[in-house]
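I have placed the structure first, in the form of structure tokens, so that the comments after it can refer back to it.
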Amino acid sequence: MKLLTYYKGQDIFWFRIFGYGLSFKSVNHGYVPFSIRYGYRKSFNLFGCRIEFLKNEKNKPRGLRRY
């Protein structure tokens, strides 16, 4: 696992430290994913940004499976 990862785009910025992090999306860009609209993912608005907590995601191995 990497210590720090991040991404900065035109309407979004997110970062993760040890797998946990925050995501900032501009409210002004107009698109809100249905998972946020219907409450599947919790977020809140602050100073024109939609802020969401990012949980640690375990990496799943790909390829051959053992049975």
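Residue count for the stretch 10-44 satisfying the condition of being within 20 Å of residue 58 (Cα to Cα), touching a residue at least 24 places away in the same chain (Cβ under 8 Å) and not in a loop (DSSP other than H, G, I, E, B): 6. Residue count for the stretch 10-37 satisfying the condition of being of a type in the set (Gly, Ala, Ser) and under 13 Å from residue 49 (Cβ atoms): 2. Evaluated against (1) within 20 Å of residue 2 (Cα to Cα); (2) not in a strand (DSSP E or B), residue 53 falls short on exactly one condition, (2). Of all the residues in the stretch 20-47, those that are of a type in the set (D, E, K, R) and within 18 Å of residue 7 (Cα to Cα) number 1.
Just one of the numbered conditions (1) more than 11 Å from the chain's Cα centre (by Cα); (2) at pLDDT 90 or above; (3) of a type in the set (Phe, Trp, Tyr) is not true of residue 53: (1).
The values are calculated or read from the model by the stated rules, or taken from the named source; none is laboratory data. Note that the structure is a prediction, hence the values are computed from the model and not measured. Cβ atoms come from the backbone with ideal geometry, glycine included; neighbour counts cover every protein chain shown.
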